[in-house]
Amino acid sequence: MKAVAIKGAILLLITLVQVSLLPRLSLGKLQPDFFLIVTCCWALINGSRMGVGSGFVAGLLQDLYGSGSNIFIKPAMGYLSGRFEGKIYKDSVVFPPLIVLGASFLGGIITFLVHEEYLFNLTFSYALQNIILPGALVNAVLCLGVYPFLLWVENKMEETPRGVY
Amino acid sequence: MRLFRFKFWHLGILGIVLILILSWAATYLEISVPQPFNFIHRITAPFHRSVTWLGDRVSNVRSFFTNYRDFQEQRAYYDLRIAQLEKELQMMEEIYRENQRLRSLLDFSQRVNYETVGARVIGMGADSWGKSLLIDLGKRDGLAPRQPVISRNGLLVGQVDEVYARTARVTMLTHPGFVVGGIVEREESRALGMVRGTPLEEGLYLMDNFSWDADIEEGDVIITSGMSEFFPRGLIIGQVETIQEGDYGLTQEVGIRPSIYGQTVEEVLILLGDWGEQE
């Protein structure tokens, strides 16, 4: 119950950051997707089931404040990221950003393909250069800070540290 | 011998395929997030307002210290400008009175009766694809989908998309799915076209459906044509920057820079009025 409350609080905090705070920082093209970063990180720490669940809630929140089909895409990315749980060291610094990079890239391409308004009004090269690749790179960089933080929170919540194998 | 052995990951792949099909179907059937989930908007709206309020205060204090000299120069400039504008305003009032007299003589009705309501921008869309704004007014304030949204100085910002109880989402005119009828403001031209949120390059958006011989020049101002029932005539959209041939020379494709592009939108006006038949 405590874990659910903490995760809920983190998701609400992310919503505030994503919707109200980030636009004020004038990052231009670089628009990070904290919902995806958190979904992938939780999936890497806890597995596919958590990835699907957190991806669903994160996607729902994101669709409430934007447009899209994140409610379907985020669980898929969470599931795929969760497949790597147990295959990489949880304390690894390199792999989580790489997985977030891949998930952002794949998620971006799927978003482009399933949305009529993007598919017919944007060229693929424009979407790749201006939205998908910058977004994937900034997500991967931010994951360097988000993943250790979420791992630390998870370790604090449990008696047995998850970083130790 | 078993030809197929079921594994857990097969279920995962099946799930992803199903999700993609549902995702595609939801997009094409225009299914949005179910209404019961809209309570999240109600819960989080005060937090968004608080963050925006706090951000404004921090920005004000910071800009006071960093831009003090600029403020002084700007104040001198604005003092001069106000004096000029007051003179122009007097002239305009005279023209307005004359115009009213002539209208009554010709028995013209008012062209457009705008009823507006002001709203604060409390957030932006949560993804990098669709450019949208979150405003602090909703259904309770008389907002409805498809109402036009303008800036304080009358520039077209976009259109109300989703309306919740106390908040609403506005699709900006730079959103890839946005379309509005535009007309060249210049009296000698009045060429009609469609302005789309299709980006041509950084800051330039497509305006098409012009005939090959339409009279368009770089620098022309584009305003809303008033041909659709959703936008009144005369809202400023942007300025023509590039003109090129389209459809093998049968049409012209124009790159316009929206007047709102690059501006920080903090407050907007929503047009509530029914403009009905327009000239």
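In the range B:158-167, is there at least one residue being farther than 23 Å from A:Ala127 by Cα, aromatic (Phe, Trp, Tyr) and within 14 Å of chain A (Cβ to nearest Cβ)? Yes, some residue in the range B:158-167 is farther than 23 Å from A:Ala127 by Cα, aromatic (Phe, Trp, Tyr) and within 14 Å of chain A (Cβ to nearest Cβ).
Across the range A:7-62, what is the number of residues that are modelled with pLDDT of 90 or more and among the polar types (S, T, N, Q)? Here the count works out to 4. Can you tell me which residue is surrounded by the fewest Cβ atoms within 10 Å (Cβ to Cβ) among those in the range B:207-250 that are over 24 Å from the mean Cα position of the chain (by Cα) and within 19 Å of B:Gly197 (Cβ to Cβ)? By that ranking, first place goes to B:Gln244. The set of residues in the range A:32-47 being crowded, with 23+ Cβ neighbours inside 10 Å and either assigned to a helix (DSSP H, G or I) or touching a His at 6+ places or on another chain (Cβ under 8 Å) (or both) consists of A:Phe35, A:Leu36, A:Ile37, A:Val38, A:Thr39, A:Cys40, A:Cys41, A:Trp42, A:Ala43, A:Leu44. Residues in the range B:178-203 that are buried (at least 18 other Cβ atoms within 10 Å of the Cβ), touching a Gly at 6+ places or on another chain (Cβ under 8 Å), within 14 Å of chain A (Cβ to nearest Cβ) and touching a residue at least 24 places away in the same chain (Cβ under 8 Å): B:Val195, B:Gly197, B:Leu200.
Quick grid of which residues meet (1) of a type in the set (A, V, I, L, M, F, W, C); (2) over 22 Å from B:Glu202 (Cα atoms); (3) buried (at least 24 other Cβ atoms within 10 Å of the Cβ):
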{"site": "A:Gln62", "(1), (2), (3)": "no, yes, yes"}
{"site": "A:Met77", "(1), (2), (3)": "yes, yes, yes"}
{"site": "A:Ala103", "(1), (2), (3)": "yes, yes, yes"}
{"site": "A:Val114", "(1), (2), (3)": "yes, yes, no"}
{"site": "A:Val141", "(1), (2), (3)": "yes, yes, no"}
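Put simply, of A:Leu122, A:Leu22 the only residue that is in contact with a Ser or Thr (Cβ under 8 Å, 6 or more places away or on another chain), surrounded by fewer than 24 Cβ atoms within 10 Å (Cβ to Cβ) and facing chain B (nearest Cβ under 10 Å) is A:Leu122.
Counting only residues that are more than 9 Å from chain A (Cβ to nearest Cβ), closer than 21 Å to B:Arg140 by Cα and at pLDDT 65 or above, how many does the range B:24-73 have? Qualifying residue count, the range B:24-73: 4. Across the range B:39-77, the number of residues qualifying as among the basic types (Lys, Arg) and surrounded by 12 or more Cβ atoms within 10 Å (Cβ to Cβ) comes to 2. Right, A:Gly66: assigned to a loop (DSSP other than H, G, I, E, B) and either surrounded by fewer than 16 Cβ atoms within 10 Å (Cβ to Cβ) or in contact with a Cys (Cβ under 9 Å, 6 or more places away or on another chain) (or both) or not? Taking the combined requirement at face value, the residue does not satisfy it. Scanning the range B:170-187 for residues that are farther than 9 Å from B:Ile222 by Cα and outside any loop (DSSP other than H, G, I, E, B) returns B:Val170, B:Thr171, B:Met172, B:Val179, B:Val180, B:Gly181.
Which one of these is at negative phi, at pLDDT 85 or above and among the charged types (D, E, K, R): B:Glu115, B:Glu218?
Working: B:Glu115 fails: at pLDDT 85 or above.
Of the residues listed, the single one that is at negative phi, at pLDDT 85 or above and among the charged types (D, E, K, R) is B:Glu218.
Before we move on, is B:Thr264 modelled with pLDDT under 85, within 15 Å of the chain's Cα centre (by Cα), within 30 Å of B:Arg120 (Cα to Cα) and exposed (fewer than 15 other Cβ atoms within 10 Å of the Cβ)? Answer is yes for this residue.
Filtered by the rule that a residue be out of contact with any helix residue (DSSP H, G or I) (no Cβ under 9 Å at 6 or more places or on another chain) and either among the hydrophobic types (A, V, I, L, M, F, W, C) or without any contact (Cβ under 8 Å) to a residue 12 or more places away in the chain (or both), the range B:204-225 gives B:Leu204, B:Met207, B:Phe210, B:Asp213, B:Ala214, B:Ile216, B:Val221, B:Ile222, B:Ile223.
The one condition from (1) away from chain B (no Cβ under 13 Å); (2) assigned to a helix (DSSP H, G or I); (3) over 29 Å from B:Ile122 (Cα atoms) that A:Val100 does not meet is (3). The selection criterion, being more than 9 Å from chain B (Cβ to nearest Cβ), under 28 Å from B:Leu22 (Cβ atoms) and touching a residue at least 12 places away in the same chain (Cβ under 8 Å), holds for A:Ala136. If you go through the range B:223-250 and keep only what is in a strand (DSSP E or B) and modelled with pLDDT of 85 or more, you end up with B:Ile223, B:Thr224, B:Ile236, B:Ile237, B:Gly238, B:Gln239, B:Val240, B:Glu241, B:Thr242, B:Ile243, B:Gln244.
Among the conditions (1) touching a Ser or Thr at 6+ places or on another chain (Cβ under 8 Å); (2) closer than 20 Å to A:Leu30 by Cβ; (3) at pLDDT below 90, the only one that A:Met77 does not satisfy is (3). Does A:Gly108 satisfy being more than 10 Å from chain B (Cβ to nearest Cβ) and either closer than 14 Å to B:Trp129 by Cβ or part of a loop (DSSP other than H, G, I, E, B) (or both)? In short, no.
Suppose the filter is within 10 Å of chain B (Cβ to nearest Cβ), surrounded by 14 or more Cβ atoms within 10 Å (Cβ to Cβ) and assigned to a helix (DSSP H, G or I); does A:Tyr147 pass it? Spelling it out, it is not the case that A:Tyr147 is within 10 Å of chain B (Cβ to nearest Cβ), surrounded by 14 or more Cβ atoms within 10 Å (Cβ to Cβ) and assigned to a helix (DSSP H, G or I).
The values are calculated or read from the model by the stated rules, or taken from the named source; none is laboratory data. Just so we're clear, the structure is a prediction, and the values are computed from it rather than from any experiment. All Cβ positions, even for glycine, are placed from backbone atoms using ideal geometry, and neighbour counts span all protein chains on display.
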